[in-house]
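The block underneath contains the structure these notes are about, expressed in structure tokens.
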Amino acid sequence: MLPRSRRLYTERQLRTVLRTGRTTRGQHLVIRWKANHLSRHRFGFIVGRRSARRAVDRNSLKRRLRHAASTVVAGPPHADVVVTVQPTAIAQPPHQLTEEFHRLCRYALRPTSRR
């Protein structure tokens, strides 16, 4: 489980990252990130109705991604990360989304990505 202190949970926090953050895209996920001055990464997840019609499916995707986020190494530099799920993600097996999430996070959260 991802503790509340490691989540972006207000609309203002999400909007700040979406407007001013950097972006990297995968096949099923889009990750936007912005450096923060905290001692941890914080994650927010957006799963729209286009991605999954049923609320059960949207919540399941978010749970899987929150679990994957809890395993991200918390080394500096720290960032606020917003993950947007694409419509193709619902048909993918959980391990494939987790692998893509970790690959994109390794790219986004590496020290050289802040320049």
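The values are calculated or read from the model by the stated rules, or taken from the named source; none is laboratory data. What you see is a predicted model, and the numbers here were worked out from it, not measured in a lab. As a convention, Cβ positions derive from the backbone with ideal geometry for all residues, glycine included, and neighbour counts pool all protein chains shown.
Quick check on segment 1-36: of everything there that is among the polar types (S, T, N, Q) and surrounded by fewer than 15 Cβ atoms within 10 Å (Cβ to Cβ), which residue is modelled with the lowest pLDDT?
Ser5
Criterion first (at pLDDT 90 or above and either of a type in the set (A, V, I, L, M, F, W, C) or in contact with a Phe, Trp or Tyr (Cβ under 6 Å, 6 or more places away or on another chain) (or both)) does Leu97 satisfy it?
Yes; evaluated as a whole, the condition is true for this residue.
Could you please find all residues in segment 65-108 being surrounded by 15 or more Cβ atoms within 10 Å (Cβ to Cβ), in contact (Cβ under 8 Å) with a residue 60 or more places away in the chain and either out of contact with any strand residue (DSSP E or B) (no Cβ under 6 Å at 6 or more places or on another chain) or not aliphatic (A, V, I, L, M) (or both)?
Passing the criteria: Arg66, Asp80, Ala89, Gln92, Leu97, Glu100, Phe101, Cys105.
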